[in-house]
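Asks: This structure is in structure tokens; I'll ask about it shortly.
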Amino acid sequence: MSPIDDSRDFIPVRIAILTVSDSRTLAEDRSGDVLATRIAAAGHELAARRILPDERAEIAAQLRAWSLDPDIDVVISTGGTGLTGRDVTVEAHRDVYDKEIEAFGTVFTHVSMAKIGTSAVQSRATGGVANGTYMFALPGSPGACKDAWDEILGFQLDYRHRPCNFVEILPRLTEHQRRK
């Protein structure tokens, strides 16, 4: 597994969870619960949590609002990454991104292949950055959320992870917007 450098202090980040579903309620949101549990267990802060229907404009508006909130460092959405007509989360994310993290989807597919075989091709998981906020779109299954956190995000959102991680470059995500 990936190395954790215990000589470095852990730096918690503030994470918002967005569940995209036409039918789930907060009480039935098992995928959001998986993420919330892992966020807390890792020592991070759950900054916000919301459920929205599969409506591209609503999803993009929420992502944009959270990307501008100084109390949110990371947004993780779950649901709406598949191939059906109502699956518009990926498009909403890309409407908001300043930069896409192309390798996130590739690595997620690699992780998924080990668990669900070729069915992994049906997911369009994605990651990106908007206004200095990391954003990740995960499939709506609890298993996919576990895999994404346990195999990728848990490490990349840990400042102690070596050789590099998302947390250490977080302050530099908006350096191009600063006046000289």
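Yes or no, residue by residue, for (1) in contact (Cβ under 8 Å) with a residue 40 or more places away in the chain; (2) crowded, with 21+ Cβ neighbours inside 10 Å; (3) part of a loop (DSSP other than H, G, I, E, B); (4) of a type outside the set (D, E, K, R):
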position	(1), (2), (3), (4)
ASP9	yes, no, yes, no
PRO12	no, no, yes, yes
ILE15	yes, yes, no, yes
ALA27	no, no, no, yes
SER31	yes, yes, no, yes
ARG38	yes, no, no, no
ILE51	no, no, no, yes
LEU63	yes, yes, no, yes
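Asks: To continue, here is another question. If I ask for residues that are open to solvent by 30 Å² or more (accessible area, probe 1.4 Å), assigned to a loop (DSSP other than H, G, I, E, B) and not β-branched (Val, Ile, Thr), which ones from region 161-180 would you list?
Replies: ARG162, PRO163, CYS164, LEU173, ARG178, ARG179, LYS180
Asks: Within the bounds of region 97-106, is there any residue that is surrounded by 15 or more Cβ atoms within 10 Å (Cβ to Cβ) and part of a helix (DSSP H, G or I)? Can you show your working first?
Replies: First, the residues of region 97-106 that are surrounded by 15 or more Cβ atoms within 10 Å (Cβ to Cβ): 97-98, 100-101, 104-105.
Filter again for part of a helix (DSSP H, G or I), leaving 104-105.
Yes, region 97-106 contains a residue that is surrounded by 15 or more Cβ atoms within 10 Å (Cβ to Cβ) and part of a helix (DSSP H, G or I).
Asks: Restricting to region 106-156, count the residues that are under 22 Å from VAL13 (Cα atoms) and small (Gly, Ala, Ser).
Replies: Matching residues across region 106-156 total 9.
Asks: For region 1-52, enumerate the residues that are under 18 Å from LEU157 (Cα atoms), under 16 Å from the mean Cα position of the chain (by Cα) and of a type in the set (Ser, Thr, Tyr).
Replies: Within region 1-52, THR37 is the sole residue that qualifies.
Asks: For region 133-160, give me the residue count where each residue is open to solvent by 10 Å² or more (accessible area, probe 1.4 Å) and either in contact (Cβ under 8 Å) with a residue 12 or more places away in the chain or touching a Ser or Thr at 6+ places or on another chain (Cβ under 8 Å) (or both). Even if it seems obvious, please write down each step before you answer.
Replies: Let us first name the residues in region 133-160 that are open to solvent by 10 Å² or more (accessible area, probe 1.4 Å), namely 139-144, 146-147, 149-152, 154-156, 158-160.
Within this subset, residues satisfying the condition of being either in contact (Cβ under 8 Å) with a residue 12 or more places away in the chain or touching a Ser or Thr at 6+ places or on another chain (Cβ under 8 Å) (or both) are 139-144, 146-147, 149-152, 154-155, 158-160.
Of the residues in that region, 17 qualify.
Asks: Out of curiosity, is ALA92 within 18 Å of ASP147 (Cα to Cα), at pLDDT 95 or above and either in contact with a Leu (Cβ under 9 Å, 6 or more places away or on another chain) or in a helix (DSSP H, G or I) (or both)? Lay out the reasoning, then the answer.
Replies: Values: within 18 Å of ASP147 (Cα to Cα): no; at pLDDT 95 or above: yes; either in contact with a Leu (Cβ under 9 Å, 6 or more places away or on another chain) or in a helix (DSSP H, G or I) (or both): yes.
The answer is no for ALA92.
The values are calculated or read from the model by the stated rules, or taken from the named source; none is laboratory data. All figures in this text were calculated on a predicted structure; none of them were measured in a lab. Cβ: placed from backbone, ideal geometry, glycine included. Neighbour counts: every protein chain shown. Quick note on the areas: whole protein, heavy atoms, side chains included, nothing else; ligands and nucleic acids left out. Shrake-Rupley method; radii C 1.70, N 1.55, O 1.52, S 1.80 Å.
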